[in-house]
Amino acid sequence: AVTLAATQQLLGPLRLRAEIRCTPQAAASAAKSGWSELSKSDRSGGAGAGGGSSRFADMRAAVKGELRGAELVYGIDCPLPPALGAARLVAWYNVNRGEAMAEMRLFDL
């Protein structure tokens, strides 16, 4: 599976994480259709004629159509202060499956 993850520090040690997981074939197909949609918009007049936002909206729609079966997971995590980085509290939600979990992850120092 191919996983694309993005993490953003929200406030202090609190981090928000988003992941999208799909098969390698779906990722390649999405990249190919997105690139072809972007190239088609370039050949038909470029950013001046169709507008840059509509060009990227068309590309986003093409990629989203190819990644229809991909899993989307949101999560939030925070280190536990007394553990000095050896433990984290993690909560996540899988949009496709409709399941959520909170867990404490312990790391060996």
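The values are calculated or read from the model by the stated rules, or taken from the named source; none is laboratory data. Here the structure is a predicted model, which means the values were calculated and not measured. Reconstructed Cβ throughout: ideal geometry from the backbone, glycine too, with neighbour counts over all protein chains shown. Quick note on the areas: whole protein, heavy atoms, side chains included, nothing else; ligands and nucleic acids left out. Shrake-Rupley method; radii C 1.70, N 1.55, O 1.52, S 1.80 Å.
Residue ranking by accessible heavy-atom surface, 1.4 Å probe, largest first, among M101, M59 comes out as M101, M59. Rounded to the nearest 10 degrees, what's the angle between the helix 52-66 long axis and the longest principal axis of the chain, both from Cα atoms, 0 to 90? For helix 52-66, the angle is close to 70 degrees.
Net charge dipole, the chain: roughly 260 debye, given to the nearest 20, about the Cα centre with Cβ charges of +1 for Lys and Arg and -1 for Asp and Glu.
With contacts taken as Cα pairs under 8 Å and at least 6 residues apart, the chain reaches a relative contact order of 24 percent. Taking the inverse of the mean 1/r over every pair of distinct Cα atoms in the stretch 63-105 gives a Kirkwood hydrodynamic radius of 12.0 Å. Given the choices (i) 16.5; (ii) 13.7; (iii) 14.4, Kirkwood radius over Cα pairs in Å derived from the coordinates of this structure is entry (i). Element breakdown for the chain at a 1.4 angstrom probe: carbon and sulfur atoms account for 61% of the accessible area.
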